[in-house]
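Report on one structure; see the data block that follows.
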Amino acid sequence: MEVNKVCFIESVKAVRESRGLSQAALADRVGVTQAAISKYEKKGRPIPEDVAIRMTEVLKSPRLHAEYLYENRMEFFNSPLLNNVDDHLVLVLDVLVDELAEAREAAMENAKLLRNKKKDSDIDRHSWQKVIENEMQILDLYANIKLHLIRMDETFEKFSIKELELRHQGKLKMKKYIR
């Protein structure tokens, strides 16, 4: 199955140009030469991870960061960023609410299907297919959460995915879910 994949460096170039930054200005802020940026944009040289991450930070684009992670298979579950949807913030929230309800139903059904099951032979083929369908529904939530957080960050200057991540980690530590 072919996934609609956006090339990270093409997106960097588009964001750079939309913000009125020259290659030299981006290079200066990222800590590389203008020639390096030119080679990256012409796909003549691979972008080192640290440079790519600095680009996303300099351009203040969590969307670029998500694209880089996806393109380089750096996520726990490599899910593409939804890029062919109407991403108005309120619409994204409305879809997220719908996906939450559907994911809840799928999780509840899987809890019933998997109760007292400990190995593959404990579940029949038809039930397993339903489990996988339900897991796919649950994963739709993951893609929507990513897009929601990115749109929040893009819309509100006060919102920071990094700050939210740190607060979330603190909450999980406080609840003793992590060390």
Original post:
Ranked by Cβ crowding within 10 angstrom, fewest neighbours first, how are ILE9, ILE145 ordered?
Top reply: ILE145, ILE9
Original post:
What is the spin-label model distance, in nm, from ARG45 to ASN72 if the labels are put 7 Å beyond Cα along the C-beta direction?
Top reply: 1.6 nm
Original post:
ALA107: net charge of surrounding residues, Cβ under 14 Å, Lys/Arg +1, Asp/Glu -1, itself excluded?
Top reply: -3
**OP:** Enumerate the calculated ³J(HN,Hα) couplings along segment 153-159 in order (Karplus 6.51 cos²θ - 1.76 cosθ + 1.60, θ = phi - 60°), each rounded to whole Hz, writing x wherever the residue is Gly or Pro.
**Re:** 5, 6, 8, 10, 4, 6, 8
Subject >> Only Lys, Arg (+1) and Asp, Glu (-1) charged, at Cβ; the chain dipole about Cα centre in debye >> reply: 880 debye
**OP:** Evaluate Rg over Rh across segment 89-174, taking Cα atoms for both radii and Kirkwood's formula for Rh.
**Re:** 1.12
Original post:
Which of these, ALA24, ALA66, ALA143, has the largest mean-square fluctuation under a Gaussian network model of the chain (Cα springs below 10 Å)?
Top reply: ALA24
Original post:
For the chain, max minus min Cα coordinate along each principal axis, in Å, sorted largest first?
Top reply: 61, 37, 36
Original post:
Rg (Å, one decimal) plus Dmax (Å, integer) for the alpha carbons of segment 8-71?
Top reply: 10.3, 27
Original post:
If you stretched the chain out fully between ILE53 and ALA107, how much longer would it get, using 0.36 nm times the residue separation minus the C-alpha to C-alpha distance?
Top reply: 16.0 nm
Subject >> FRET efficiency, 1/(1 + (r/R0)^6) with R0 25 Å, evaluated for LYS176 and LYS119 via beta carbons >> reply: 0.25
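Read the figures in this text as sums done on the coordinates, not as results from a lab. Since the model is a prediction, treat every value here as computed from it, not as a measurement. Heads up, the Cβs are rebuilt from the backbone with ideal geometry, glycines too, and the neighbour counts pull from every protein chain shown.
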